[in-house]
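Visitor: Pasting a structure below so you can have a look.
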Amino acid sequence: MPAAAFELERPESVSEALDALAAEPDARVMAGGQSLVPLLTLGLAVPPVVVSLDRCGGLADIEAGPDEVAVGAMVTTRRVELDAGLGARLRLLAEAAASVGSPHVRNFGTLAGNLCHADPGSDLIPAALCLEAELEVRSAHGRRRVGVGEMIDGPFSTALRPGEMAVAVRFPVPDPSWRCGYRKLVRRAGDLAMACAAVMVRVEDGAMAEARVALGGPLRRAVRVRGLEADLEGVAAADAAGTVLGGTWMDDLAGDLLPDATLPVDYLTAMLPRFTAAAVAETLGAGP
Ligand SMILES: Cc1cc2nc3c(=O)[nH]c(=O)nc-3n(C[C@H](O)[C@H](O)[C@H](O)COP(=O)(O)OP(=O)(O)OC[C@H]3O[C@@H](n4cnc5c(N)ncnc54)[C@H](O)[C@@H]3O)c2cc1C
């Protein structure tokens, strides 16, 4: 099916891109086009204007400082996977990036585009939630930072306002004592996640001093599972899996489950605790 006609803008600077977005409130930003192009082709997105960032200068850098890593909006998933400076500071993000689709998708798709697409099965959103990332968002009228959890308000839906675009994703660098792990459940290699879990834990004297767990997949949006995080704090590492399986944290997710014909509610409520327990246990076994 041919896409509906749209005007393609290819600005060469961020300020030109912001002017183009300000001129047409229904314009869509295009980064790698891995998700937007299929949406256009299927008629599921019909913007009058597409503002492609492919020629836009200043958006393709990774700045890996001691306290913060800033990933420009045109940095591809492949670079996130392979960049040594980023990997040394944000191993969880690099690991999640390596799980994304195929090499083709990783070579073209961007981290920022992945987050802004807000697919519940994204690999990168749970990692960004655990790492407490923020999007640096700009419009012709100013700039703001918004937490990834705050930005995503439902499946394929964000709180970005007309005229706004993300220019970077910013990550505080976690202390190296955090252990981290990423686990993904798929039917076929290269698929989006049926379920995915990003986990960070800090162990002191054999017990979990702090835990962060974010789940995605069969949920309206990926979330930090705060009830489970609280349950895990103070628990001996050896008892972690039992704590996950014995908790009531799944009750908090009940309203957000996205069952379908192949993944009914009964299956999801049985599978997610086991999957999460395995993710936490693997992370604890991974060492500092
Ligand atoms: C076959 C296939 C398999 C895939 N498998 C996986 C997988 O296993 N795991 C996974 O996580 N992802 C997967 N993806 C998604 C992919 O990883 C990309 O992240 C995703 O397509 C979006 O990145 P993009 O740069 O291509 O964004 P685009 O397609 O260009 O844009 C996606 C959306 O984000 C918006 N957007 C993009 N950049 C910005 C910006 N800077 N500011 C504001 N809005 C913006 C666009 O307007 C659009 O709504 C898959 C995609 C395909 C096609």
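Visitor: Kindly express, to the nearest 10 degrees and within the range 0 to 90, the angle between helix 265-285's C-alpha long axis and the longest C-alpha principal axis of the chain.
Guide: Around 80 degrees separate the two axes.
Visitor: Pairing the Cα long axis of helix 14-23 with the longest principal axis of the chain, what angle in degrees results, from 0 to 90 and rounded to the nearest 10?
Guide: The answer is roughly 70 degrees.
Visitor: Can you compute the charge dipole magnitude of the chain about its Cα centre, using +1 on each Lys and Arg Cβ and -1 on each Asp and Glu Cβ, nothing else charged? Give it in debye, rounded to the nearest 20.
Guide: So the dipole magnitude of the chain works out to roughly 520 debye.
Visitor: Set Lys and Arg Cβ to +1 and Asp and Glu Cβ to -1, take the dipole of region 105-179 about its Cα centre, and tell me which of ALA168, HIS141, LEU111 lies farthest positive.
Guide: HIS141
Visitor: For a protection proxy built on the mean count of beta-carbon atoms within 10 angstrom, sort 182-190, 252-260, 269-277 highest first, please.
Guide: Most protected by this proxy first, the peptides run 269-277, 182-190, 252-260.
Visitor: Considering the dipole of region 7-52 built from charges on the beta carbon (Lys and Arg +1, Asp and Glu -1) around the Cα centre, which of PRO25, ALA45, VAL14 is farthest to its positive end?
Guide: Of PRO25, ALA45, VAL14, it is ALA45.
Visitor: In deg cm²/dmol and to the nearest 500, what is the mean residue ellipticity at 222 nm of the chain if only DSSP H runs of at least 4 residues count, each as -39500 (n - 2.57), divided by the residue total?
Guide: Calculated mean residue ellipticity at 222 nm is -9000 deg cm²/dmol.
Visitor: OK, next. Placing unit charges on C-beta atoms (Lys and Arg positive, Asp and Glu negative, everything else neutral), compute the dipole magnitude of region 62-172 about its Cα centre in debye, rounded to 20.
Guide: Magnitude of the dipole: close to 260 debye.
Visitor: Calculate one ³J(HN,Hα) per residue across region 79-96 by plugging θ = phi - 60° into the Karplus curve 6.51 cos²θ - 1.76 cosθ + 1.60, and present them in order as whole Hz with x for glycine and proline.
Guide: Once rounded to whole Hz, the list reads 5, 4, 5, 9, 5, 5, x, 5, x, 5, 9, 10, 4, 4, 5, 5, 5, 5.
Visitor: For the chain, just run the numbers: alpha carbon Rg, then divide by 2.2 N^0.38 Å, N being how many residues it has.
Guide: 1.02
Visitor: Moving on. Would you work out the charge dipole size for region 1-152 about its Cα centre, treating the Cβ of every Lys and Arg as +1 and the Cβ of every Asp and Glu as -1, and quote it to the nearest 20 debye?
Guide: Details: 12 positive and 21 negative charges, 46 e Å.
Charge dipole, region 1-152, about its Cα centre: 220 debye, nearest 20.
Each value in this text was obtained by applying a stated rule to the coordinates, not by laboratory testing. Please read these numbers as outputs of a predicted model, since none were measured by experiment. Quick reminder, even Gly has a Cβ in these numbers, built from the backbone with ideal geometry, and neighbours come from all protein chains shown.
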